[in-house]
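To start, the structure under review is shown below, and the notes come after it.
The values are calculated or read from the model by the stated rules, or taken from the named source; none is laboratory data. Bear in mind the structure is a predicted one, so any value in this text is a computation, not a measurement. Every residue, glycine among them, receives a Cβ derived from its backbone with ideal geometry; neighbour counts consider all protein chains shown. Ligands, DNA and RNA are excluded from the accessible area calculation, which covers all protein heavy atoms including side chains. Shrake-Rupley method; radii C 1.70, N 1.55, O 1.52, S 1.80 Å.
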Amino acid sequence: MATIHVKRAFKYRFYPTDAQAAELSRTFGCVRKVYNMALQARTEAWTLRRERVNYNAMSAMLTAWKKTEELAYLSEVSSVPLQQALRHLQGAFANFWARRAKYPTFKSRKRSRKSAEYTSSAFRFRDGELTLAKMAEPLAVVWSRQLPEGAAPSTVTVSQDSAGRWFVSLLCEDRPTMPNAPAGSAVGIDAGITALVTLSTGEKVTNPRHERRDRERLARAQRNLARKAPGDGANRAKARFKVGRVYARIADRRRDFLHELTTRLVRDNQVVVIEDLAVRNMLKNRRLARAISDAGWTEMRSMLEYKCEWYGRELVVVDRWFPSSKLCSACGILRSEMPLNVREWTCDCGTTHDRDVNAAKNILAAGLAVTACGDGVRPQRSTPGGQSSVKQEVVPPPRTRAAAQPRG
Ligand SMILES: [Zn+2]
């Protein structure tokens, strides 16, 4: 059994009382206000005086704001989510200074995610009941799956999605375990256009059921929203809510589906090989765009990354310049071109290939070549630009925020 300690987020729906909903909505508003004011202050400090403001200075500002008549209402909500908002802004600036992200932007009332983060001093978790600061009653959480035994959440994030649903996410220490996969088991995965993914075993995984019908519903809801006149506030809000609800359902179903798929792949294989697709570049190609966004390739890759990390599997990422479609997996001959519309082809060696299965087999072979070389040994250079055809992926620490909603 592979055992490691990781932080894992467990997300559940809950149904607030009217008083709790009011308190949380007020908190979301204050979080947004504090974030935006702090961003404004930092921007002024930087543009006018070339000054970098740190977290402590922002925290002092927050204290001063609360003492003004105009902003006294900020004291009415728990102070912890407001301080967390300043920490998030600090993180956004750190990413900006390190050139990992663009300059932080203001949170808008309609567009930005409504959420508030509570650290351990601002909530109580006891006997399976979660009570937030400033609230008398525990939240009515639907515990749809079990927390790890003896789990003590370190952070609790409350959010409301665009469909009006309430969620609470608990960040806990966890020790996931899984039996070892058979020795030598490995799979190559090709991100597909016609299929969601194709495996080197020949299996084609198609998009989740209902997705096409839900997409049509989404398109209808979006057209309906576009037709509403700007002056028609109430109906526009209703139409926007409807779009949010359909969208949330699509995303939920897709996430469930991807969790099931990635867990199976990681359970059954010691080594998982994927292609490093530059999704941003592919999205420019309009024909591919729909398929890629439907497939949720980015989401799937991140699930594979953290699940391989948890369960002690090896994830190998093949360079995106690797000619997986043009290479015959039987004889190794490289074709000069392979247009996207060619789904099946016969090589001069006599082997007939399904385009995607052939690509998945090549991805697997390229990945196994790296693992055979051992750590730190680069395979031969064989691709344009002198890049090595394969690179060993350094798996980043597992995601622990809301993005990760493991189902194990
Ligand atoms: Zn061949």
Subset of the range 200-254 [farther than 16 Å from residue 162 by Cβ, outside any loop (DSSP other than H, G, I, E, B) and either modelled with pLDDT under 80 or among the aromatic types (Phe, Trp, Tyr) (or both)]
211, 212
Check whether at least one residue in the range 372-389 is within 23 Å of residue 192 (Cβ to Cβ), open to solvent by less than 20 Å² (accessible area, probe 1.4 Å), modelled with pLDDT under 90 and out of contact with any helix residue (DSSP H, G or I) (no Cβ under 9 Å at 6 or more places or on another chain), and report yes or no.
yes
Checking residue 99 against (1) assigned to a helix (DSSP H, G or I); (2) open to solvent by 70 Å² or more (accessible area, probe 1.4 Å), which test does it fail?
(1)
Among residues belonging to the range 312-359 that are under 29 Å from residue 181 (Cβ atoms), within 16 Å of the ligand (Cβ to nearest atom) and among the β-branched types (Val, Ile, Thr), point out the one that is least open to solvent (accessible area, probe 1.4 Å).
357
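Across the range 130-148, what is the total count of residues that are open to solvent by 100 Å² or more (accessible area, probe 1.4 Å) and free of Cβ contacts under 8 Å to residues at least 12 places away in the same chain?
1
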Would you tally the residues in the range 297-310 being surrounded by 22 or more Cβ atoms within 10 Å (Cβ to Cβ) and either among the hydroxyl-bearing types (Ser, Thr, Tyr) or at positive phi (or both)?
1
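Residue-by-condition table, conditions (1) touching a Pro at 6+ places or on another chain (Cβ under 9 Å); (2) open to solvent by less than 50 Å² (accessible area, probe 1.4 Å); (3) aliphatic (A, V, I, L, M):
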| residue | (1), (2), (3) |
| --- | --- |
| 211 | no, yes, no |
| 230 | no, no, no |
| 233 | no, yes, no |
| 238 | no, no, no |
| 244 | no, yes, no |
| 252 | no, no, no |
| 258 | yes, yes, yes |
| 261 | no, yes, yes |
| 267 | yes, no, no |
If I ask for residues that are aromatic (Phe, Trp, Tyr) and either open to solvent by less than 60 Å² (accessible area, probe 1.4 Å) or touching a strand residue (DSSP E or B) at 6+ places or on another chain (Cβ under 6 Å) (or both), which ones from the range 10-37 would you list?
10, 12, 14, 28, 35
So, in the range 38-56, exactly how many residues are of a type in the set (A, V, I, L, M, F, W, C) and open to solvent by 40 Å² or more (accessible area, probe 1.4 Å)?
2
Within the range 61-74, of all residues that are assigned to a helix (DSSP H, G or I) and open to solvent by less than 60 Å² (accessible area, probe 1.4 Å), the one nearest to residue 24 (Cα to Cα) is 74
So, of the residues in the range 181-199 that are in a loop (DSSP other than H, G, I, E, B) and of a type in the set (A, V, I, L, M), which turns out to be farthest from the chain's Cα centre (by Cα)?
183
